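Scroll down for the structure; my scribbles are underneath it.
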Amino acid sequence: TGYVLTTFYHSSQADYGFPTWGGSMANLHQHFFSYKVDLDVGGTANRFETVDIIPDNIANPQRPNLRHFLTRFQRTQKTTERQAAVQYDFTQPKYYNFYSETAKNRFGVHRGYRIQLNGISKNLLPKDQGATMVNGGAWVDYQVAVTRRKESEPSSSSVFNQNDMYDPVVNFQSFIDDDENIVDEDLVAWVTLSAHHIPHSEDFPSTATPANQLQFFIRPFHFYDQDPSAGSSNIVLMTRSPGSSENYVDRYGTPEMATCEPKHTPFSYDGRWLNV
């Protein structure tokens, strides 16, 4: 939550914001958040791949004159930093997987962790056509970018970038442009979450937060041999007793009256803002 930055509303600016309280307006804008994710899967020598979901078109064995359409996956290893700079395309869904070439699970699959993005949007500001101000926030162009870990590249930006967005102290694009090898190296993922925001009257006096959420998850991908929650100490197991038709329940120490219900806090609201 927060306060929108407002200016005086004028009809000539109607394409950029709606009229709101006190003759003011708040411009259409976009929020960006940058995260540095330092993953070490089975050690620091890791690889990065996309597991691409692609359409397939095969013949129907029973009816050769008909085609059978389905989807399959295709593993694509990224070997350099430029290859690993992702600008998301909704026509090409994929998983972003970091894995160890030497570590495998019991089924012979490389142990890995994947990044699941649940809050992305496209930056519409061009980098060509002289729009070099984007240099100060070059990371906004990539939903995921994978580079080699360097002490000289501790963050995607700097507070001093705002002093000169055209020639910034930290230009994230340079992290990618040197195009270093990323096979069996110590890797870092730079994750960008973003959302467009068209301010409206309900954003006053402060921005509403319900339904406004951006998130990403770091999830195991063949890292474990099974769901790791099966080994949790606070689970409840219900099964058949061996050699009996009776049910067997093992609570593993979980109290009988355990509950996740939140504490109740007195609260009242009549739907009005101030004295309106």
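The values are calculated or read from the model by the stated rules, or taken from the named source; none is laboratory data. Computed from a predicted model, the values in this text were never measured in an experiment. Glycine gets a Cβ as well: all are built from the backbone with ideal geometry, and neighbour counts include every protein chain shown. Just so you know, the surface numbers come from the protein's heavy atoms only, side chains and all, with ligands and any DNA or RNA stripped out. Shrake-Rupley method; radii C 1.70, N 1.55, O 1.52, S 1.80 Å.
Could you check how much of the accessible area of the chain is carbon and sulfur, as a whole percent, using a 1.4 Å probe? Display every interim value, and only then the final one.
Working: 10120 of 18640 Å².
Answer for the chain: carbon and sulfur cover 54 percent of the accessible area.
Place a +1 charge on the Cβ of each Lys and Arg in segment 81-213 and a -1 charge on the Cβ of each Asp and Glu, then give the dipole magnitude about the Cα centre in debye, rounded to the nearest 20.
Numbers: 11 positive and 18 negative charges, 148 e Å.
So the dipole magnitude of segment 81-213 works out to roughly 700 debye.
Starting from the Cα of LYS104, step 7 Å along the direction of its Cβ; do the same at ASP40; then give the gap between the two resulting points in nm.
If labels sit at LYS104 and ASP40, their model points lie 2.5 nm apart.
So how strong a dipole does segment 164-204 carry about its Cα centre when Lys and Arg Cβ are +1 and Asp and Glu Cβ are -1, to the nearest 20 debye?
Details: 0 positive and 11 negative charges, 63 e Å.
Charge dipole, segment 164-204, about its Cα centre: 300 debye, nearest 20.
Net charge within 15 Å of THR20 by Cβ-Cβ distance, Lys/Arg positive one each and Asp/Glu negative one each, not counting THR20 itself?
On the way: positive: none; negative: GLU202, ASP203.
Taking every other residue near THR20 into account, the sum is -2.
List the residues, sorted by chain then number, that are 5 or more residues from SER24 or on another chain and whose placed amide H is less than 5 Å from its amide H.
Excluding prolines and chain starts, which carry no amide H, the hits are TYR9.
Under 1.5 on a/c is rounded, so check that first for segment 43-165, then, if it is not, pick prolate when a/b is larger than b/c and oblate when it is not; a ≥ b ≥ c are the square roots of the alpha carbon gyration tensor eigenvalues.
On the way: a/c = 3.58, a/b = 1.56, b/c = 2.29.
Judged from the Cα gyration tensor, segment 43-165 comes out oblate (a/c at least 1.5, b/c at or above a/b).
Of the listed values (1) 6, 27, 37, 23, 6, 0; (2) 5, 18, 22, 21, 19, 11, 3, 1, 0; (3) 5, 16, 23, 24, 18, 10, 4, 1, 0, identify the label whose number matches P(r) over Cα pairs in 10 Å bins from 0, in percent calculated from this model.
Answer label, from the structure shown: (2).
Using only DSSP helix segments of four residues or longer, with each worth -39500 (n - 2.57), what per-residue ellipticity at 222 nm results for the chain after dividing by its residue count and rounding to 500? Mind showing how you got there, number by number?
Values: 1 runs with 5 residues, N = 276.
Helix contribution divided over all residues of the chain: -500 deg cm²/dmol.
Just to be sure I understand the model, the point goes 7 Å from the Cα along the line to the Cβ. What's the resulting ASP179 to GLU256 distance in nm?
7.0
Within 15 Å, Cβ to Cβ, of THR7, how many net charges do the neighbouring residues add up to if Lys/Arg are +1 and Asp/Glu are -1?
Working: positive: none; negative: ASP15, ASP203.
After counting each charged neighbour, the total is -2.
Net charge around VAL249, counting only other residues with Cβ within less than 13 Å of its Cβ (Lys, Arg = +1; Asp, Glu = -1)? Don't skip to the answer; put the middle values down first.
Values: positive: ARG240, ARG251; negative: GLU246, ASP250, GLU256.
Net charge in that neighbourhood comes out at -1.
With +1 assigned to the C-beta of every Lys and Arg and -1 to the C-beta of every Asp and Glu, and no other charges, what is the dipole magnitude of the chain about the Cα centre in debye, to the nearest 20? Write out the running numbers ahead of the final one.
Details: 23 positive and 31 negative charges, 193 e Å.
About 920 debye.
Pick out, from VAL191, LEU66, PHE98, the residue whose Cα sits farthest towards the positive end of the charge dipole of the chain, with +1 on the Cβ of Lys and Arg and -1 on the Cβ of Asp and Glu.
Positive-end residue among those listed: LEU66.
Short version: ³J(HN,Hα) in whole Hz for each residue of segment 31-44, in order, from phi by Karplus 6.51 cos²θ - 1.76 cosθ + 1.60 (θ = phi - 60°), x for Gly and Pro, what are they?
9, 10, 9, 10, 10, 9, 10, 9, 9, 10, 9, x, x, 8
For TRP21, TRP190, give the ranking by accessible area with the largest first, probe 1.4 Å.
On the way: TRP21 115, TRP190 10 Å².
Of TRP21, TRP190, the descending order of accessible area is TRP21, TRP190.
Provide the per-residue ³J(HN,Hα) series for segment 203-219, in order, calculated from phi with Karplus coefficients 6.51, -1.76, 1.60 and θ = phi - 60°, each as a whole number of Hz, with x at glycine and proline positions.
Karplus values, whole Hz, x for Gly and Pro: 7, 10, x, 9, 5, 6, 10, x, 6, 9, 9, 10, 7, 9, 10, 9, 10.
To the nearest Å, what is the center-to-center distance of segment 150-174 and segment 41-96, using C-alpha atoms only?
33
My understanding is that a pair violates if its Cα-Cα distance is over 24 Å; which of LYS36/LYS150; LYS122/LYS150; LYS78/LYS104; LYS36/LYS104 do that in this structure? Intermediate values should be presented prior to the final figure.
Details: LYS36/LYS150 12 Å; LYS122/LYS150 27 Å; LYS78/LYS104 19 Å; LYS36/LYS104 26 Å.
Result: LYS122/LYS150; LYS36/LYS104 exceed 24 Å.
I need the shape label for segment 144-259. Rule: rounded when a/c is under 1.5, else prolate if a/b > b/c, else oblate, with a, b, c from the alpha carbon gyration tensor. Walk me through the numbers on the way to the answer.
Working: a/c = 4.10, a/b = 1.74, b/c = 2.36.
The shape class here is oblate.
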